[in-house]
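Trainee: Could you have a look at this structure, given as structure tokens, before my questions?
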Amino acid sequence: MACTHRNMIKIKNIEQGSKGCEECLKSGDSWVHLRVCLICGHVGCCDQSKNKHATKHFEETGHPVIQSFEPGEDWKYCYIDRQYLE
């Protein structure tokens, strides 16, 4: 089954300008890996990080598609369809 939320993607070119997870930076906390929301550009920490801000962003906004914000990685994932996008 293909992801049915591709049409929601608004962010096409990921810019590496962020210094890290937006919420962790505000609270002085740390993270393991970063994810960027392809709907609005929010940068949050992954589920291996204790705060899981990328998933919390999805739960709060309903923005389903993220991409790795790690150097050298370009995979995308849809929370709703629970699958990686090609």
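Trainee: Which residue, Ser68, Cys78, His57, has the largest displacement toward the positive end of the dipole of region 27-86 when charges sit on each Cβ (Lys, Arg +1; Asp, Glu -1)?
Mentor: Of the listed residues, the answer is His57.
Trainee: Let me know the charge dipole size of the chain about its Cα centre in debye, to the nearest 20, where only the beta-carbon of Lys, Arg (+1) and Asp, Glu (-1) is charged.
Mentor: Using only the charged Cβ atoms, the result is roughly 120 debye.
Trainee: Still on this model: If you wrap a convex hull around the Cα atoms of region 6-85, how much volume per residue is inside, in Å³?
Mentor: 90
None of the figures in this text is laboratory data; all of them are computed from the coordinates on show. What you are looking at is a predicted structure, and each value in this text was computed from that prediction instead of being measured. Cβ atoms come from the backbone with ideal geometry, glycine included; neighbour counts cover every protein chain shown.
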